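Beneath this line is the structure, given in structure tokens, with notes to follow.
The values are calculated or read from the model by the stated rules, or taken from the named source; none is laboratory data. The shown structure was predicted, so the numbers you read here are calculated from the model rather than taken from an experiment. Here the Cβ positions follow ideal geometry from the backbone for every residue, glycine too, while neighbour counts run over all protein chains shown.
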Amino acid sequence: MTTTATAPSLLRLALRTDAVVSGLNGAAYLLLTGPLSDLLGLPSGHLRGLGIFLLVYAAGVWLVAERPLRPAVGAVIVGNLLWVAGSLVVVAADVGTPTTTGAVWVVLQAVVVAAFAVLQFAGLRRSPDLSDRWAPSGRA
């Protein structure tokens, strides 16, 4: 019997922590746009857009943690790796002319997101019984 109800704790922990951290960042970008824009040297509009994106992303990742399916977890991992690559491009290309603090923040954020991706991948590998498709509760 294949079930998604008992996904291993590493996978759920990695997904939930990713969701919480993403949500907190998103809320901060929306609520503190002005001060963060000044501190990080990133345009206010970009921070607002990232804030909205991160809140939606956080909700999606939380839902994946509740009923993890192999393809959905894989999509979260790929999304995290794309975030890391995009963050490094922002710093390397000096997009938005980040301050030194901003560049350090973007790189540190990329490191944290990369760690989430690694932990999620490890949790996925430890979960050979995860289903590839959704089934109503109580059914295989």
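Within segment 56-80, the set of residues being farther than 26 Å from V107 by Cα and touching an Asp or Glu at 6+ places or on another chain (Cβ under 7 Å) comprises L69, R70, P71. Inclusion of L15 among residues that are under 24 Å from V107 (Cα atoms), surrounded by fewer than 20 Cβ atoms within 10 Å (Cβ to Cβ) and not small (G, A, S) is not warranted.
Restricting attention to segment 77-127 and to residues that are among the polar types (S, T, N, Q) and within 22 Å of R16 (Cα to Cα), the residue that is modelled with the lowest pLDDT turns out to be S127.
Only residues that are over 12 Å from the mean Cα position of the chain (by Cα), surrounded by fewer than 16 Cβ atoms within 10 Å (Cβ to Cβ) and under 26 Å from P98 (Cβ atoms) were counted in segment 32-83, giving 11. Residues considered: F53, F116. Of these, the only one that is in a helix (DSSP H, G or I) and closer than 18 Å to L10 by Cα is F116.
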